[in-house]
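Please treat every number below as a calculation from the coordinates, not as lab data. Computed from a predicted model, the values in this text were never measured in an experiment. Quick reminder, even Gly has a Cβ in these numbers, built from the backbone with ideal geometry, and neighbours come from all protein chains shown.
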Amino acid sequence: MCAKTISKDYSISFPAIRGVQGGKEYYVTMCPLKLLPTMFQATVTDIPPELRAQRELNKSRVTPITNYMLENPDNYIFSSIAASIDSEVNFEAYGDDIVGRKIGTLSVAMDAKFIINDGQHRVTAIIEALKDDSTLGNETISVVLFVDCGLNNSQQMFADLNRYAVRPTKSLSILYDHRDPLSKLTNDLVQNVSVFKGMTEKAKSSISNRSRKLFTLSSIYQATKTFLQVKNSANITNDECQLAHDFWETVAKNMPDWKAAVKKQVATSELRSDYIHAHGIALQALAIAGNSLIKIEPESWKQTLSKIAEIDWARENTHLWEGRALIGGTLNRSQKNVTLTANYIKQTLGLSLAPKEEVIERNYLKGQNEK
């Protein structure tokens, strides 16, 4: 341990809870947000990685966090900041009983340096938010303080804290996000569109071979975003929500294989193995074509969209899908292949291609003719 008894005359004190991990004491305290700029000095970014105790600050990550806090001042939430103290410390317990020994006052030398091991983007974002809304300054964030013994130990702490960190899947993030209107719409579609209900994988962003699901929540989200041409999901209207529901329901009516899967007349694994329409690329392509169709035929789009029932979605139809949705027999999800798949759907619906789509289509046809 690096902890030593220090003089109270030259120290800063925090109410804290004492704990033990790996045989070493650590402390949890609540820090008023307005003290963060003083407590944590600006991160130095112009030194080699081997001399830092943190990754380099990514300023592009800061602004979204700042905006999140400012836009949700009544219900934002942040996890704890983890930091190390490069200083002597002293913990004075409030009592001698089992609880009292864990609660007390942590005294830190006035010249102590606090080094962030996890949470530098949160701290920087909070500091930026306080510049716009100083009333948030009296609110608090929990800080976990470790007694540090130098750069090597701080670097090891950073490595250990991030060693097993795993981001949630896109589907799970959408499922649990009740703040984003597009996420709310997607969850509503999954509950109300006949082929999505009970057929959507909500926790994972991919589907295993044995799964009975046909779609992923993330693919429906992305396709709906494309269909509505959403840039700021906060601006989604009730009419757009209804349009999205009507569109996917109309698509479903013209996908016999999807309806057969709902009725358990065909295995979803068989559809994924044998057909293009059982994958996210088809949803995305249908969304692109649907958006164009409704702009051109706002009143009769449902009748025209029924023509997708004529498409042969079988992967064995390599004359159609090789180079368009398949590369060497394997499904390819690149933007170019999504566009080429959408192009064929648009052509089936009798729609003209946009200039950029025409260029991609000509290059594809040229490549096919040269084979």
Q) Using just the C-alpha positions of region 67-156 as equal point scatterers, what log10 of I(q)/I(0) does the Debye formula give at each q in 0.14 1/Å? A) -0.68
Q: Starting from the exponent 0.38 and prefactor 2.2 Å, build the expected Rg for the chain from its residue count and divide its actual Cα Rg by it.
A: 1.34
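Taking only Cα atoms of region 175-312, what ratio of Rg to Rh do you get with Rh as the Kirkwood inverse-distance radius?
0.95
Count of lysine pairs in region 59-176 with Cα atoms under 28 Å apart, counting only pairs 8 or more residues apart in sequence or on different chains?
5
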Q: List, in order, the whole-Hz ³J(HN,Hα) value for each residue of region 120-129 obtained from phi through the Karplus relation with A = 6.51, B = -1.76, C = 1.60 and θ = phi - 60°; use x for Gly and Pro.
A: 5, 6, 5, 4, 4, 5, 5, 4, 5, 5
Q) Of Thr140, Ala267, Ile98, whose Cα points farthest to the positive end of the dipole of the chain (charges on the beta-carbon: +1 Lys, Arg; -1 Asp, Glu; origin at the Cα centre)? A) Ala267
Q.
To the nearest 20 Debye, how big is the dipole of the chain about its Cα centre, given +1 on the beta carbon of each Lys and Arg and -1 on that of each Asp and Glu?
A. 1140
**Q.** Packing-based order for 161-171, 117-127, 344-354, 74-84, using average beta carbon neighbours within 10 Å, highest first
**A.** 117-127, 344-354, 74-84, 161-171
Q) What is the total of Lys pairs in region 288-361 with C-alpha atoms under 21 Å apart, excluding same-chain pairs fewer than 8 positions apart? A) 8
Q. Which whole-Hz couplings ³J(HN,Hα) result when phi for each residue of region 253-270 is put into the Karplus expression 6.51 cos²θ - 1.76 cosθ + 1.60, θ = phi - 60°, listed in order with x for Gly and Pro?
A. 4, 10, 10, x, 5, 4, 5, 5, 5, 4, 7, 6, 8, 8, 6, 4, 4, 5
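Near Cys241, within a Cβ-to-Cβ distance under 11 Å, what is the net charge of the other residues, with Lys and Arg +1 and Asp and Glu -1? Write down the numbers at each step before the final one.
Values: positive: Lys184; negative: Asp188, Asp239, Glu240, Asp246.
Every neighbour counted, the sum reads -3.
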Q) For region 8-163, max minus min Cα coordinate along each principal axis, in Å, sorted largest first? A) 46, 39, 32
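Which whole-number percent is the relative contact order of region 212-293 (Cα, under 8 Å, 6+ apart)? Spell out each step's value before the answer.
Numbers: 52 pairs, mean separation 42.9, N = 82.
Computed over region 212-293, the figure is 52 percent.
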